[in-house]
1. Out of the residues in region 86-111 meeting the condition of being under 21 Å from Leu122 (Cβ atoms) and of a type in the set (A, V, I, L, M), tell me which one is surrounded by the fewest Cβ atoms within 10 Å (Cβ to Cβ).
2. Quickly run through region 62-76 and pick out the residues that are farther than 9 Å from Ala112 by Cβ and modelled with pLDDT of 85 or more.
3. Restricting the first residue to region 117-135 and requiring it to be assigned to a helix (DSSP H, G or I), which pairs with a second residue that is of a type in the set (A, V, I, L, M) and surrounded by 10 or more Cβ atoms within 10 Å (Cβ to Cβ) meet a Cβ separation below 7 Å and a spacing of at least six or different chains?
4. From the list Ala83, Ala56, Ala63, Ala47, which residue is within 25 Å of Thr123 (Cα to Cα) and surrounded by 12 or more Cβ atoms within 10 Å (Cβ to Cβ)?
Amino acid sequence: LQRTAESEMTSTTLSASSAQEESKIRVLNPWQMAWRRFRKHTAALFALGGIFLLLAYIWLGGALFSRGMCEPTGQYLTAEDYANCNDTAKKLLPPSREHPFGTDTIGRDIMARTIYGGQISLTIGIFAAFVEVIVGVLVGAVAGYFGGWIDDVLMRKLDDMPKPWDP
């Protein structure tokens, strides 16, 4: 009898302390759980850092480094105009303080051209993703709303379309 009373008392004490511990547990939303899992993946963190560096190069580099004097026109140019300034007197120069990546065969600053080209590529990529999402949502909404044979036709057509990753 004494052992039974002690075990009941211990289980009551344990359940009270576990209830207190459960109240201290922080409930995470799906974004917090995803971020916690993402942080454990070292390669993903390096890739995210690389993406941020690339975006900083494209945006901040355009503001800071994509500007200079265009000798043939005698004007101080920025952004696209500077990236397209042809100065044949400066063709094929090695990297220097004035042109950190050097110049190309017609005297354009390669760094300014990579910054401007990155901005164009990023714009095209964002626009393409936006169009893809809109088309996907519209096709999915039509298939989901009407269902039946319309859904079958749309899904079969989309399944038969060539994929970019298929050889």
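The values are calculated or read from the model by the stated rules, or taken from the named source; none is laboratory data. None of these values were measured; they are calculated from a predicted model. Here the Cβ is made from the backbone with ideal geometry for all residues, glycine too, and neighbour counts use every protein chain on show.
1. The qualifying residue surrounded by the fewest Cβ atoms within 10 Å (Cβ to Cβ) is Ile110.
2. Hits for region 62-76 are Met69, Cys70, Glu71, Pro72, Thr73, Gly74, Gln75, Tyr76.
3. Close Cβ pairs satisfying both conditions: Gly118/Ile58; Gln119/Ile58; Leu122/Ile58.
4. Exactly one residue qualifies, and that residue is Ala83.
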